[in-house]
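Let me begin by presenting the structure, written as structure tokens, before commenting on it.
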Amino acid sequence: MQVSLGRLMIGNEAIAYGALASGVSVAAGYPGTPSTEIIETLLRFKDIYAEWSSNEKVAFETAFGASMMGARALVTMKHVGMNVASDSIMSSSYSGVNGALVIVSASDPGMWSSQSEQDTRHYGLMGMIPVIEPHDPQSAHDLTVEAFSLSHKVGHPVILLTNTRISHVRAQVNLIPFQKPVYGSLTKNPFKFSLVPEVSRKDREEQLRRWERIKGEVNRMVESKGEGKVAIVGVGISFAYAKEVVESLGLDNVKLIKVSCSVPLPERIKDMLNDVEQVLVLEELDPIVETQLKSLIVDEGMSLKVKGKSLTGYTGEMTYERAYEAISKFLGLEPGLRLNESPDLNVPSRPPAMCPGCPHRSSFFFLKKGLTLGGLNNVFFSGDIGCYSLGVLPPFNEQDSLISMGSSLGIANGVYRSTKSIPVAIIGDSTFFHTGLPALANAVYNKLPVLVLVLDNRSTAMTGQQPSPSTSIEIESAAKGLGVKYVDVGDPFDPSFSKVVARAVEWVKKNLSPAVVVAKRACALEVLDKVKPTQVAVVDSERCTGCTICYDHFTCPAILKLENKKAVINQNECIGCGACVPVCPYKAITLEGEKPEGWDEAWRN
Amino acid sequence: MIAGIGGQGVVTTGRMIAEVFNLKGYKVFEAETHGLAQRGGAVNVHVRIGDVNTPLIPMGKADILISLEATEALRNIQFLSKEAKIFLNTFTKPASLPNVKAVQVSEVVERLRNWQVFQVDCEKIHGKCNSVMLGCLYQASLKQYVEVKDFLSVMKDETNRNSFLSGLKYFSQAYEQEVRV
């Protein structure tokens, strides 16, 4: 029996504990899969300051500001969150940092939960910020400590790059003991941090000098094992797959090189390639290491062949099969181990669905009715990022575009300006405060005729119900404060919500300005966390005509279709929310059982 | 491999197996699916135990598939080894979309004819389906590695523990003969 394999935890917890082992005192983030559990873990520790910020840029600036004061600071986000924060991130590389500043960016190759799989490492190249890549939860923990130490030593921000298969993988991790949090003290240094041109020019020179120091420091983040005329370079998690393939094929004439810092590529790698004739680079997404390696080889006047993306492809996550295929092709091996081809599964697709009791389903249902009532037909639904993105699916089809956090209003503006067709912008409460506010200001200022539907469920539900600013700020007040003249609120479970929508549409048509309607009802999962349901919906089969509306047009997962086309409610899935009751035109659905105490209050908050 | 629909406890099932083997000092890797993919959509969780360094099960290398919804077993057959055992909850649910038909359990079983399939009617066995399935898995395949008390110790509440024991009992009555052969 083995001992001291460590504690079982997911990679994100390992990263959080790595930060605690580095004396982190200030941590901020915006929830985004697969990064979310880092801040969630840190929030449990009361001797440090951790927060969910309103967006990634604010979160980054919080950590950056703390590091200016000498604190050890951490900021977390998913890969696309980097785009939101990038303006300030680029500046932080110019000014450098005091204390330490580690940016955790969680990628999502294969797009399990994202709109793109962009390669964050470009930010490292672009902004001259080192990018450190772990390959499993243990190395994520250890390299978090390395990242803090590098940042502190050089006075420069450092990116720690994780991904779905590190952040959300549970494995044993041996923890480094925690350190007392290192807070800051009030420090002013405008000639470093106030980036007016005079300061920036000086900072730029400093940045280039730090970059040279970083190149030296990261040389320890490359290791090689084995000897041979051919080498395989594995970057981050691709190293783990490369190792597994090399071991399973029993290749003993291959040099295996592990790269844990992809930007800048440790130059010491050239020493490891002295006697090598051919090298294969395995990395996810873009050829970041491959390109730097090719450049290094030219600079050094070395002569060896480099293969990479031409054998692995660009898209999707690294898997055993991809590594196996690339290595076989590279070595000119017959694929001795026959891999099961992905068969034609012929299984009906099962996309995610809105939960039973989800207020968004009712919002979409009554929005359509309201638009018809208000005389707005063939409308463009400008969508946004959140659980309500699922409104893209049938039967709703109410997300005609869905681009990035907070994009609904800007896209709607372009749609209207180019077509004179009044659009509907649909945005959730957390997204509204994330990047919706500036776009709403623009809509007011430039008089955009638009119906803005804010789906306010009081939480950042998609990533696991983190709190949203809407728990402290009324969206109605925010909209009024931004100068929106027409603001109304409705309950999406109440069929009169369609009239709320219709009235707003009529106002927009008449006044050619933005109107905001807030659909207010808590996330069903939040409600279930607070109150145990004691009611269920039942279908009176005498009254049910088999009209299909409840299961084909409302599509609550708890409503099932019987052979005779009548509806039946799955009592295990029904939470007794009653949202389906007004949906049935034949009054065949009723609620049975006693209403639990605090039920209505839970749905309101 | 654990398959099912988001909300059925797929992630929890994988986590309980990982925790049990962790207790016994085996190296484990368990790849979970979080976030949007969890809500009522198709979910699978990879669990690897032993001398492994990567989280995903290679195609054709899974020894065991637990499917908490029958159709979801079909979505994961590319991972199965020829000798794989399948623990199949005989329950199907169509996606929450308009105009979809549920796949019949008999059709699923027919398409899995090349493997050893243990059909488990979770609804008939009292308790939580994922723990019932773990009870079956224990009785069929895990006895030589871990003990009942280990499983019971990683389960949060009494319902889970009772479900586990019901599954174990059900399996030994329904399938023990077959396993011995």
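Sorting A:Arg521, A:Arg209 by accessible area (1.4 Å probe), largest first, what list results? Mind showing how you got there, number by number?
Details: A:Arg521 40, A:Arg209 135 Å².
My answer, sorted largest first, is A:Arg209, A:Arg521.
Working from Cα pairs under 8 Å separated by at least six residues, relative contact order for the range A:222-331 is 30 percent. Under 5 Å between amide hydrogens, built in the peptide plane, is the criterion, and for A:Val518 it picks out A:Val454, A:Asp488, A:Val489, A:Gly490 among residues at least 5 positions away or on other chains. Solvent-accessible surface of protein heavy atoms, probed at 1.4 angstrom with all chains present, puts B:Met133, A:Met69 in the order A:Met69, B:Met133, largest first.
Given the pairs A:Lys368/A:Lys587; A:Lys78/B:Lys24; A:Lys78/B:Lys128, which span a C-alpha to C-alpha distance of over 30 angstrom in this model? Can you show the working numbers first?
Values: A:Lys368/A:Lys587 21 Å; A:Lys78/B:Lys24 35 Å; A:Lys78/B:Lys128 34 Å.
The answer is A:Lys78/B:Lys24; A:Lys78/B:Lys128.
Take every pair of alpha-carbon atoms less than 8 Å apart whose residues are at least six positions apart; their mean separation over the length of the range B:2-180 yields a relative contact order of 19 percent. Total buried accessible area between B and A, probe 1.4 Å, nearest 100: 4600 Å².
Diagonalise the Cα gyration tensor of the range A:139-200 and give the resulting equivalent ellipsoid semi-axes, square root of 5 times each eigenvalue, largest first, whole Å. Before the final figure, lay out each step's value.
Details: eigenvalues 209, 53, 17 Å².
Values for the range A:139-200, descending: 32, 16, 9 Å.
For A:Lys153, a cut-off of 16 angstrom between C-alpha atoms picks up these aspartates and glutamates, skipping any fewer than 8 places away in its own chain: A:Glu206, A:Glu212, A:Glu217. Backbone phi angles across the range A:490-505, fed through the Karplus curve with coefficients 6.51, -1.76 and 1.60 (θ = phi - 60°), yield HN-Hα couplings of x, 9, x, 6, 8, x, 5, 4, 5, 6, 4, 5, 4, 4, 5, 4 Hz in residue order; Gly and Pro are listed as x.
Rounded to whole numbers, the Karplus 3J(HN,Hα) couplings from phi for the range B:74-91 are 5, 5, 10, 5, 5, 7, 6, 7, 4, 8, 4, 9, 10, 9, 10, 6, 7, 9 Hz, using 6.51 cos²θ - 1.76 cosθ + 1.60 with θ = phi - 60°, and x at Gly and Pro.
Of the residues making up the range A:142-174, those losing 30 Å² or more of accessible area when the isolated chain is joined by the remaining protein chains, with a 1.4 Å probe, are A:Arg165, A:His168, A:Val169, A:Arg170, A:Gln172.
For the range B:99-154, what does the alpha-carbon gyration tensor say about shape, rounded, prolate or oblate, given a ≥ b ≥ c as the root eigenvalues, a/c under 1.5 as rounded, and a/b over b/c as prolate? If you can, show how the numbers build up before the last one.
Details: a/c = 3.42, a/b = 1.76, b/c = 1.95.
Oblate.
Scalar couplings 3J(HN,Hα) for the range A:249-255, obtained by applying the Karplus form with A = 6.51, B = -1.76, C = 1.60 to θ = phi - 60°, are 8, x, 7, 9, 10, 10, 8 Hz; x denotes Gly and Pro. Normalised by 2.2 N^0.38 Å, where N is the number of residues, the alpha-carbon radius of gyration of the range A:222-331 equals 0.94. Contact residues in the range B:85-115 by the 50 Å² criterion (accessible area, 1.4 Å probe, full protein complex versus chain alone): B:Lys93, B:Ser96, B:Leu97, B:Pro98, B:Arg111.
Sorted from greatest to least, the principal axis extents spanned by the alpha carbons of the range A:6-218 come out as 50, 37, 36 Å.
Taking a ≥ b ≥ c as the square roots of the eigenvalues of the alpha carbon gyration tensor, the range A:432-498 is oblate, as a/c is not under 1.5 and a/b does not beat b/c.
Based on C-alpha pairs under 8 angstrom that are at least 6 apart in sequence, the range A:359-527 has a relative contact order of 28 percent. To the nearest ten degrees, helix A:56-68 and the longest principal axis of the Cα atoms of chain A are 40 degrees apart. With the biggest extent put first, the Cα atoms of the range A:236-284 measure 31, 25, 12 Å across the principal axes.
Given a 1.4 Å probe, how much area per residue of the range A:6-218 is accessible, in Å²? With all protein chains present, the range A:6-218 gives 34 Å² per residue.
Using a probe of 1.4 Å on the protein chains alone, the accessible area found for B:Met155 is around 10 Å². A probe of 1.4 angstrom, applied to the heavy atoms of all protein chains, finds A:Asp529 with accessible area near 120 square angstrom. On the principal axes of its alpha carbon atoms, the range A:1-58 extends 48, 26, 16 Å, with the longest extent given first. When Rg and the Kirkwood Rh are both derived from Cα coordinates, the Rg/Rh ratio for chain B amounts to 0.94. What percentage of all Cα-Cα pairs in chain A are separated by more than 30 Å? In whole percent, the share of Cα-Cα pairs in chain A beyond 30 Å is 60. Listed by chain and number, the lysines whose alpha-carbon sits under 17 Å from that of A:Lys255, ignoring those within fewer than 8 places in the same chain, are A:Lys225, A:Lys229, A:Lys243, A:Lys270, A:Lys305, A:Lys307, A:Lys329. Against the empirical 2.2 N^0.38 Å (N residues), the range A:359-527 has a Cα radius of gyration ratio of 0.91. Taking the C-alpha atoms only, the angle from helix A:359-373 to the longest principal axis of chain A is near 50 degrees.
Probe of 1.4 angstrom, ligands and nucleic acids ignored: what's the accessible area per residue over the range B:2-180, in square angstrom? Each step should come with its number before you reach the end.
Details: 7300 Å² over 179 residues.
Normalised by residue count, the accessible surface of the range B:2-180 is 41 Å².
Of the accessible area of the protein assembly as shown, computed with a 1.4 Å probe over protein heavy atoms only, carbon and sulfur atoms account for 52 percent. Residues of the range B:1-46 that bury at least 50 Å² of accessible area once all protein chains are present, compared with their chain alone (1.4 Å probe, heavy atoms only, ligands and nucleic acids left out), are B:Asn22, B:Gly25, B:Phe29, B:Glu32, B:His34, B:Leu36, B:Arg39.
These residues, A:Lys294, A:Lys225, A:Lys215, go from largest to smallest accessible area, 1.4 Å probe, as A:Lys225, A:Lys294, A:Lys215.
The values are calculated or read from the model by the stated rules, or taken from the named source; none is laboratory data. The shown structure was predicted, so the numbers you read here are calculated from the model rather than taken from an experiment. The area values use the complete protein model at the heavy-atom level, side chains included, leaving out ligands, DNA and RNA. Shrake-Rupley method; radii C 1.70, N 1.55, O 1.52, S 1.80 Å.
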